[in-house]
Structures are given as structure tokens and as C-alpha cells.
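The values are calculated or read from the model by the stated rules, or taken from the named source; none is laboratory data. Only a predicted model underlies this, so the values are computations on that prediction, with no experimental measurement involved. Neighbour counts are summed over all protein chains in view; Cβ atoms, including those assigned to glycine, are modelled from backbone coordinates with ideal geometry. Just so you know, the surface numbers come from the protein's heavy atoms only, side chains and all, with ligands and any DNA or RNA stripped out. Shrake-Rupley method; radii C 1.70, N 1.55, O 1.52, S 1.80 Å.
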Amino acid sequence: MKSNILTINIPEKSSYSYPIIIGQDMDYSGYIKEYTKAGKILVVTNRTIFSLYEKKLKSENMHYVVLEDGEEYKNFDSLKKIIDAAIEYRLERRDCMVAFGGGVIGDITGFAAATYLRGIDFIQIPTTLLAQVDSSVGGKVAINHEKGKNLIGAFYQPRAVLADINLLKTLDIRQLKTGLAEVLKYAFIEKSCGAALNYRFYDFLDAYDSNIFELDYDILEKLILICCTLKASVVEKDETEKGLRAILNFGHTFAHAIENLTNYTKYTHGEAVAAGMLMASKLALKLNLIDRNYFVNINSLINKYELVPEMPEFDKDKFFDAMRLDKKADADKIRFILPDSDFSVKMVTDIDETLVKECIEF
Ligand code: NAD
Ligand code: GLY
């Protein structure tokens, strides 16, 4: 079966590079052998995914950790379960962990791999659209703390990313929409990513409507390829977020506050990001960074796909405090990534609190 392969190079890590392989019905064991020297493999997944794909994962040298399903399990307890299993199965330095799941499994497995024996190989097999277009690429790995999301983590790159599009067939519409929110993010930051595409990503997305959720293989392959190309271009220039990489957080300062105030359980990450992008575009309009035309374009693309569910009226003081706690706050100043012209964004700090609070509404 034909696969597309992108290579990501990380100059900050002596040009460490790895492939992002996009295809269908992949031979996972074959790829794992090709990209690691592992004798033992510890597959980390969750109950939902294990029950759907247990057969696909069976191989002699594989052991399994099956976690509970949910963002609330991206925590110390689950990390301990993974490390306990690695110790029980006596994984050594040359062995490998495999993250088989969405962003939650990818982030926590990557963090376990980064810390177990001071770092062993890991491979990402992303099973959600969000994970295939974004979270499995670039090496941000983390767990949450009750005081904030992703507060404990590392930059730790996988050996390979295996994006098997067929795995997306079992996702429900809500999960497809949450992935599409991150896809749209790439359309709004495209120019700032510094990768040359043959066409404007926004126009490509604008040409579809809900038929985008029909899981046409060619459309999905294009979405994943474009998002990974844009993300790779950013990560190659700034792996550890000294500057440019922050653009990938468009909408996320608001989104993390939404997730934090609702205990990471009420809304998906993509729903929060979609709402966050609407709020950020409103803030950009108020600051005269963008004109009304472009503001309308951002809003209509997000609303066309109905990415934001009903949300309550948040207490604005609590919301603002939650944003201050976010990792993206710098010396108590909240950093926002805001659109500054069509399809480009920039970082803005020191924004008047009242103005920000005016944007915390739908
Ligand atoms: P998720 O991992 O919770 O998966 C969403 C749901 O889909 C879960 O219930 C899961 O069990 C289910 N699922 C997964 N694959 C399935 C499949 N093939 N069929 C049926 N059900 C399936 O959520 P997500 O949206 O994939 O990821 C969100 C997480 O990713 C958040 O923790 C977020 O912080 C993180 N994230 C990380 C980065 C990064 O760069 N590291 C980027 C974006 C988001
Ligand atoms: N998803 C944000 C990043 O990878 O930097």
C-alpha cells in the first residue's frame, strides 16, 4: 500500500531526524523493527482503543499497559503505571515504548519514554485526527498537574510517527471535529510557518463543508500531509519554543483556561482551541491587528464546521487568572498569539486586562 513519508530534521539535536509516515493498513511491527533496535516493546494505550484494535497490536515481543480513557488520566498515576510496567518487563535502554492512541496517550507515553532510564526510544502511532495532524509530531510530551495543563513535561522526539488513516474510521464526529480545529489552526498560521505550499490551505478548507467528515482517504491524507509539513517546518526552526514555535499555540491561551476551569472533562481540546481561536481573533480585531473582513473569514470557517459547542458564561476574573497560570505566561505577563494579517500570526504581550476580558464571551 502506498505511503507518504515526510522527514523532520531537528538541528538543535545534532540534526536528529525521523520519518512521519502517512498511509493505511500499516505493518506496525515491521516499521518498529526498521526504526528501533528494540528487543522489547511496551505498547501504551487506553481501554477504548485496546478493545477496538487489540488484534492489530499483537506481536511476540510486545507488552501492554492499558490506561483508563480520558484527559483526567494524563497524570502522575498513569505515568507511574507505565514506569511500573517498564520495570516489571525489564525494559532496557535499547528497548522501546509505543504510544498507540490520541494526544493523551502520545503525550504521556512520550514523557514516560523521556524519563525511564533517562530516556529510551518511543514511536508514535496516533489514532485520532488531532494526534495525526499535530500532537504526535514535534516532541512535546507532558502530563497535567491539578494546577494546570501540561505543566510537567519535556521536549523528546519519537523515532518515527506512523499515521495510519484507517484508524480514524472508528472516531465519532465529535473527535473528528476536535481534530479539525487543529487543522484550521494551521490554515490561520500558514504564512508564519515558513513552508512553501502549492496553494493556500484556507482555500482548500473553505472548498469543503460537512463532507470533509466523510473520511475520504485522499482528503484526509492531504490534511495530514499539509499540517505535518507546516508543523515540521516550525519545529525544525525552533524545537524548544524559544520563539517561533509559540505560533502553534494560536487560540491555546484561551483554550487552556477553558479546559482548566472545566476540569479537563467537559470539552475536548479541539473544542476549546476552536473557541480560543474565536476569542483571539476578537482580541486581534479590537487591537486593530486585522481588518473586519479577515475576522469574518476566521469566524465563518470555524462556524461552518460547527466546531464550538454551547459554552457557559465564564467568570471573567477566574478565566483571566487561569490564563495567567498557563505555561505561556511569562513573568506574569500573558502571552497571546494573535492574527496580524491574513494567515499570519504574532506574539503579543501586555494587553490591557479589560480588553482581554471583553473577548471572553461567545
Ligand atoms: P484523546 O487522546 O483523549 O482521544 C480522544 C478520544 O478518542 C478518547 O476517548 C480516545 O479513547 C478515543 N480514541 C482515540 N483513538 C480512537 C480511534 N481510532 N477510534 C475510536 N476512538 C478513539 O484526545 P486527542 O484529541 O487525541 O488529544 C488531546 C490531547 O493532546 C490533550 O491532552 C492535548 O493537550 C494534547 N495535545 C498535545 C500536543 C503536542 O504537541 N504534544 C498538541 C495538541 C494537543
Ligand atoms: N501543539 C503545540 C506545539 O507542538 O508546540
Test for Val98: is it within 15 Å of ligand 2 (Cβ to nearest atom), aliphatic (A, V, I, L, M) and open to solvent by less than 30 Å² (accessible area, probe 1.4 Å) | no
All conditions in (1) at positive phi; (2) open to solvent by 20 Å² or more (accessible area, probe 1.4 Å) are true of Tyr73 except (1)
Please specify each residue of region 105-157 satisfying the condition of being assigned to a loop (DSSP other than H, G, I, E, B), open to solvent by less than 10 Å² (accessible area, probe 1.4 Å) and either more than 11 Å from ligand 1 (Cβ to nearest atom) or of a type in the set (Asp, Glu) (or both).
-> Ile120
Search region 171-217 for residues being of a type in the set (S, T, N, Q) and under 19 Å from the mean Cα position of the chain (by Cα), and hand back the single one that is most open to solvent (accessible area, probe 1.4 Å).
-> Gln175
Could you list all residues from region 230-275 that are touching a Ser or Thr at 6+ places or on another chain (Cβ under 7 Å) and not in a helix (DSSP H, G or I)?
-> Thr268
Could you tell me which of the residues Leu162, Leu79, Leu52, Leu67 is open to solvent by 10 Å² or more (accessible area, probe 1.4 Å), touching a strand residue (DSSP E or B) at 6+ places or on another chain (Cβ under 6 Å) and either within 14 Å of ligand 1 (Cβ to nearest atom) or not polar (S, T, N, Q) (or both)?
-> Leu79
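Say we look at region 225-253 and pick out the residues that are of a type in the set (Lys, Arg) and crowded, with 18+ Cβ neighbours inside 10 Å; which of these is nearest to ligand 2 (Cβ to nearest atom)? Give the steps one after another, and end with the answer.
Start the filter on region 225-253 by keeping residues that are of a type in the set (Lys, Arg), which leaves 231, 237, 242, 245.
Keeping just the survivors that are crowded, with 18+ Cβ neighbours inside 10 Å gives 231, 245.
Numbers: Lys231: 7, Arg245: 5 Å.
The selected residue is Arg245.
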Index of the failed condition, Thr7 passing every other in (1) under 28 Å from Thr240 (Cα atoms); (2) exposed (fewer than 12 other Cβ atoms within 10 Å of the Cβ); (3) over 23 Å from the mean Cα position of the chain (by Cα) = (3)
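Please find, within region 198-247, the residue that is farthest from ligand 1 (Cβ to nearest atom) out of those that are of a type in the set (Phe, Trp, Tyr) and modelled with pLDDT of 95 or more. I'd like the intermediate steps shown before the answer.
In the first step, residues of region 198-247 are kept if they are of a type in the set (Phe, Trp, Tyr); the result is 199, 201-202, 204, 208, 213, 217.
Narrowing the set further to residues that are modelled with pLDDT of 95 or more leaves 201-202.
On the way: Phe201: 18, Tyr202: 20 Å.
It comes out as Tyr202.
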In region 281-326, how many residues are open to solvent by less than 60 Å² (accessible area, probe 1.4 Å), touching a His at 6+ places or on another chain (Cβ under 9 Å) and assigned to a helix (DSSP H, G or I)?
-> 2
